[in-house]
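Here the structure is laid out as structure tokens; the discussion comes afterwards.
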Amino acid sequence: MTEQQKNLAFYALNTEDVLAEVASAPMGLSAKEAQIRLDQFGKNELAEGKKKSLLVKFAEQFKDFMILVLLAAAIISAIVSHEVVDSIIILLVVVINAIMGVFQESKAEQAIEALKQMSTPNANVLRDGHTLSIKSDELVPGDIVLLEAGDVVPADLRLLEAASLKIEEAALTGESVPVEKLLTVLPAGDVGIGDRVNMAFSNSNVTYGRGKGVVVNTGMSTEVGKIADMLAQADETETPLKNNLNELGKFLTIAIIVIAVIMFVVGTVINGTSFVDMLLTSISLAVAAIPEGLPAIVTIILALGTQVMAKRNSVIRKLPAVETLGSTDIIASDKTGTLTLNQMTVEKLYYDFHQVSANAPIDLTNKALLIMNYANDTKVAQDGSLIGDPTETALVQFGLDHQLDLQKCLEQERRVGELPFDSERKLMSTVHELANGKYFVAVKGAPDVLIERTTRVLSQGQELPMTPQQRKEILFNNTDMAKQALRVLAMGYKYLDELPAELTSEELENDLIFAGLVGMIDPERKEAAEAVRLAKSAGVRPIMITGDHKDTAEAIAVRLGIIRAGNNQAVLTGAELNEMTDKEFAEQVYDYSVYARVSPEHKVRIVKAWQKEGKVVAMTGDGVNDAPSLKQADIGIGMGITGTEVSKGASDMVLADDNFATIVVAVEEGRKVFSNIQKTVQYLLAANLGEVLTLFIATLFAWDTLLPIHLLWINLVTDTFPAIALGMEPAEKDLMSHKPRGRNSNLFSGGVFSSIVYQGILEGGITLFVYWFALQYPAHTAMNMPGLSTQALYTLQHADALTMCFATLGFMQLFHAFNVKSVKQSIFKVGPFRNKAFNWAILLSFALMGVIIIVPGLNDIFRVATLNVSQWATVAAASFSIIPIVEVVKLIQRKAETSQEKEQHLSVEN
């Protein structure tokens, strides 16, 4: 088959031309010709994606800029500063981070593998004029395939025969109702997959009837294969968190280099410090400035977030997805199975010239109720589940819900004849023998057809001649229900004195008595409308994407609150989208909230259009057709129950309960996680800035304030437990009342950067003040220690000052952890002791800081002195002072913001 044949619109050719194009015949290929074509075209299977080795995946984890900075810091620290312990800690963090990255690698490989495993094990084909069962991967273009109910279509087929054939294509088109297949030749042009009624597509399911088709495409040339190809080629999107951490790494590197160079120049040129000493000091400063535990702490916070979300039915497959959810601007959701139940359900009935809800009581002798159950081929499985066409199972389920004992009814009035549904008649009829010897004919079908065949109408138990006004009213109600996106069927009946020798439509389906109408729909989930409302209140825009027709899509979207009633301008079809250029679509993308009758290519285009607008896009889906857009989206959300393995494999997150409302919960958790990461970054960088300023300014004044071992211990004690505990902070009350932070925000937004700067300056300033104070007003004086020499006294005073400096900086960072529980709100409003993990972390860190000063032997190792009561009082007061100072600054900031908001409000009013 040539490339031209692969892309040929077979739906626009008659069957003779199709057979000619694929060089086949109605009796199929010969075994010899089939083998030749198998060698030519290859097996009917999906191409396996190129897999990376574990070593390559591991090596790729070290491309991250922040990781490279940490590696450089570890090498410098070990070679020049001889801080082996510090280097080991940094290297451990890097390796752990890389290992976790390997486990989260390669969604595309899993997704394509899942697509491959979907292939049918066997197919019934005509070879040499005989019917054979062969493995589906041995099918070739030109093979004649036989289909019947229950089969999975093994390749893309152009249908040659179709007897009441219906195929469920929801995984490809998103449309929940099986498609009735016809042999009609379609016009050449852009015809969507869902409208190609003379085609059968690989991996779709035959639900009714039988058929025969010729294979026109196999393997990667099928519609499923095209999806797999798009999936393999889809661009990997960088998550906002990954971008933020990269930006943070670059910022810190530049800042560290600048400060270290300035410090080195000042020390050597101005103060005359030796080259080697200044080099070691500058490197110590650089090592102290890098929050080496940040990647691991962020990973831990994300992991904790995944545990919380798993308990609430959101299974995270990739850690950054937790945070990405929190920045989501757009949720592009597939309708079928996500916003709706993917289950046809009776919603309204019309009988006795009244339209009633499906929940209303109904008499078990009601003719409309009996007809919808009698003229029905649904089977009841041993476990009680219903097997058959979704439309027919919905009718039987309606009867069961109203306590109709169908089995008993059919035993009393058994079926003795039938006319199966036919696409030309658009009717189905069954004949039932009554106890009085007569026969009851139950007919259901398309309202316009059935109503034309009725001469009487059942009203209040009486069979009356149908008047033109009554016929007009019935047709009006049919139209009214159709406008509500309901699939409407009509029911009619008649009695026969004797069973005709031959059951024909002329005998059974004329001179009918109209019994009623039934309207069905794939209903929205009960919690979906509330979830949409909550998403909108949080500034997240829900977008519905579906393969259904425009009217159905609009009706569901209105019921869900995605668009307002009558706003059909907000609905765009796939055909209309095809007529728009990318530029035109980009200019109008804000106008549409619903997309109907779309293909996989459309979904990817929609996601990309929003991404070009700078929006963070989440895409939900459950079908094969959703896989490319799930991968293209910033976060793909698969369905755990109804979702295919393909959609799950292409997703960053899977909903265990298929509940759209769970997404809103996940968004809140994602916002909380990012907020907590911001708090951790604020805490760590303010602490490190305080350390940098302490060392930098002390160097300018030639003060010996902190030794490398002091910096290392402070970092170990204060940067680990409190930082992780901050990641477990409960969500702030107003978290879901503001707009998403968006793609352009970063870890420093929302006042975090300014807080880091002034709080770091505070920490450094207070620490240096305590050091100066301890030198100016020593606790050990010549008066109370007259035996000491001047040099010994100075050494003792310096040891006290150094210890107080060390203790103040360490304890102050722990007190400051309370400040960062909220960037702007008072700690008393957010609750200083709500987080039990935080409380224990602070207590443990306080103990670790205090023990090396108090316990004899340990203080010698860390080269610190034992402090007396007055010195401890000074340290405690100075350390705690950061809380009231920051509280005052926050109060001023809140008042300034409130004043600014009032001015803006007045400006708008004027």
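Just so you know, all these numbers are worked out from the coordinates, no wet-lab data involved. Treat the numbers as computed from the prediction; the structure is a model and nothing was measured. Cβ atoms come from the backbone with ideal geometry, glycine included; neighbour counts cover every protein chain shown.
Worth pointing out:
- Relative contact order of the stretch 345-521, defined on C-alpha pairs under 8 angstrom at six or more residues apart (%): 27
- The 3J(HN,Hα) values that the Karplus relation (6.51, -1.76, 1.60; θ = phi - 60°) gives for the stretch 531-546 are, in residue order, 5, 4, 4, 5, 4, 5, 5, 8, x, 9, 8, x, 10, 9, 10, 8 Hz. Gly and Pro appear as x.
- Net charge, MET812 excluded, C-beta distance under 15 Å - Lys, Arg +1, Asp, Glu -1: -4
- A crude spin-label estimate for the pair GLU424 and SER505, with each label 7 Å from Cα along the Cβ direction, gives 0.7 nm.
- Extension gain for the segment ASP497 to GLN569, taken as residue separation times 0.36 nm less the Cα-Cα distance, is 20.4 nm to one decimal.
- Neighbour-count ranking [beta-carbon atoms within 10 angstrom, fewest first] of GLU587, GLU180, GLU45: GLU587, GLU180, GLU45
- Cβ-to-Cβ counts within 10 Å put GLU506, GLU323, GLU33 in ascending order as GLU506, GLU33, GLU323, the fewest first.
- The modelled label-to-label distance between LEU891 and GLN462, using points 7 Å beyond Cα along the C-beta direction, is 8.4 nm.
- For the stretch 489-532, the residues whose backbone nitrogen is under 20 Å from a point 7 Å from the Cα of THR479, taken along Cα to Cβ, are 489-491, 516-520.
- Efficiency of FRET from Cβ geometry, LYS829 and LYS379, R₀ 60 Å, rounded to 0.05: 0.45
- Near LEU29, the amide H atoms lying under 5 Å from its own belong to ASP128, ILE144; only residues 5 or more places off or on other chains count, and H is placed 1.01 Å from N.
- Projection of the Cα convex hull of the stretch 525-656, averaged over all directions and equal to a quarter of that hull's surface, yields 7.6 nm².
- Working ranking of peptides 138-145, 388-395 by packing, defined as the average number of other Cβ atoms within 10 Å per residue, highest first, is 138-145, 388-395.
- At R0 = 41 Å, FRET efficiency that the Cβ-Cβ distance of GLN412 and SER30 yields, to 0.05: 0.15
- Gain upon complete extension [VAL185, PHE880; 0.36 nm per residue less C-alpha separation]: 241.9 nm
- Positive contributions from Lys and Arg (+1) and negative ones from Asp and Glu (-1), summed over other residues with Cβ under 14 Å from the Cβ of ALA538, come out at +2.
- If R0 equals 60 Å, the separation of the Cβ atoms of ASN744 and LYS135 corresponds to a calculated FRET efficiency of about 0.70.
- Using 0.36 nm per residue and subtracting the Cα-Cα separation, the extra length available between ASP551 and SER754 on full extension is 67.9 nm.
- Applying D = kT/(6 pi eta Rh) to the stretch 340-458, where Rh is the Kirkwood radius over alpha-carbon pairs, T corresponds to 4 °C and eta to 1.567 mPa s, the Stokes-Einstein value obtained is 85 µm²/s.
- Taking amide H atoms as placed 1.01 Å from N in the peptide plane, the amide H of ASP422 lies under 5 Å from those of LEU427, each 5 or more residues away in sequence or on another chain.
- Across the stretch 675-905, Cα pairs under 8 Å and at least six residues apart give a relative contact order of 29 percent.
- Convex hull of Cα atoms in the stretch 857-896, direction-averaged projection (nm²): 3.9
- Panel order for CYS805, CYS409, by other beta carbons found within 10 Å of each beta carbon, from fewest to most: CYS409, CYS805.
- For the stretch 675-905, alpha-carbon Rg relative to the globular expectation (2.2 N^0.38 Å, N residues): 1.13
- Under 12 Å, Cβ to Cβ, from ASN205 - net charge with Lys/Arg +1 and Asp/Glu -1: -4
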